[in-house]
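Peer 1: Could you have a look at this structure, given as structure tokens, before my questions?
The values are calculated or read from the model by the stated rules, or taken from the named source; none is laboratory data. Quick caveat, the model's predicted, so the values are computed rather than measured. Methodologically, a virtual Cβ is constructed for each residue, glycine included, from the backbone with ideal geometry; neighbour enumeration extends over all protein chains shown.
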């Protein structure tokens, strides 16, 4: 094996082991705990999606469902994970939007004249965007870049490509921001709840421990 590929292979092996360990720990949870975790995650996602969707409609963005989709896709079980996922969404949307809008505009693409040449332009745009994200080590932003480019260049729409790219970026920003706000609020409530329960447990155990001594 080439020495230059050994670190990459080892990196993938460690990631695979880590994913297996996370899955094992999750499966080890009792069914009741998994139900609570799933319910909390679902509430985070639907609240963030609702906030992003209605905010987009209020701002005049006709496709507010993209904000809702973004909010659900970045929703995680804690604020740090949501922050990292939102960063990937935002960066990926910027790169995919810029490349998709530029490629679509230069190729003169539209629904009436779409052909093999235009599809080749789309394929190259997706490859360029994902390669840039990989080169600069931008995590999952590559997938978001490819998705954004696909939406801009393949989904039928009216208006210039730069307008679609700008609207898409706005919708992603609204969805990611909504997910961050909801996650921050949930984490604060959870910390307050568990701190309160811990204090109650210590106070209730105090007299008995003193009496036994």
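Peer 1: Only residues that are under 24 Å from residue 106 (Cα atoms), touching a helix residue (DSSP H, G or I) at 6+ places or on another chain (Cβ under 6 Å) and surrounded by fewer than 21 Cβ atoms within 10 Å (Cβ to Cβ): list them for the stretch 161-186, please.
Peer 2: Matches in the stretch 161-186: 162, 169.
Yes/no matrix, rows are residues, columns are (1) in contact with a strand residue (DSSP E or B) (Cβ under 7 Å, 6 or more places away or on another chain); (2) within 24 Å of residue 54 (Cβ to Cβ); (3) modelled with pLDDT of 85 or more:
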{"site": "80", "(1), (2), (3)": "no, no, no"}
{"site": "84", "(1), (2), (3)": "no, no, yes"}
{"site": "136", "(1), (2), (3)": "no, no, yes"}
{"site": "148", "(1), (2), (3)": "no, yes, yes"}
{"site": "156", "(1), (2), (3)": "no, no, no"}
{"site": "159", "(1), (2), (3)": "no, yes, no"}
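Peer 1: Now, a different point. Is it the case, given these coordinates, that residue 91 is assigned to a helix (DSSP H, G or I), buried (at least 19 other Cβ atoms within 10 Å of the Cβ) and out of contact with any strand residue (DSSP E or B) (no Cβ under 9 Å at 6 or more places or on another chain)?
Peer 2: Taking the combined requirement at face value, the residue satisfies it.
Peer 1: Got at least one residue in the stretch 145-152 being touching a helix residue (DSSP H, G or I) at 6+ places or on another chain (Cβ under 8 Å), surrounded by fewer than 19 Cβ atoms within 10 Å (Cβ to Cβ) and over 19 Å from residue 104 (Cα atoms)?
Peer 2: no
Peer 1: Filter the stretch 52-71 for residues that are within 10 Å of residue 176 (Cα to Cα) and surrounded by 19 or more Cβ atoms within 10 Å (Cβ to Cβ); which is farthest from the chain's Cα centre (by Cα)?
Peer 2: The qualifying residue farthest from the chain's Cα centre (by Cα) is 52.
Peer 1: If residue 63 satisfies every condition in (1) assigned to a helix (DSSP H, G or I); (2) touching a residue at least 12 places away in the same chain (Cβ under 8 Å) but one, which is the exception?
Peer 2: (1)
Peer 1: Further, regarding this structure: Hey, any hits in the stretch 103-117 for a residue that's within 17 Å of residue 180 (Cβ to Cβ) and surrounded by fewer than 22 Cβ atoms within 10 Å (Cβ to Cβ)?
Peer 2: Looking through the stretch 103-117, none of the residues is within 17 Å of residue 180 (Cβ to Cβ) and surrounded by fewer than 22 Cβ atoms within 10 Å (Cβ to Cβ).
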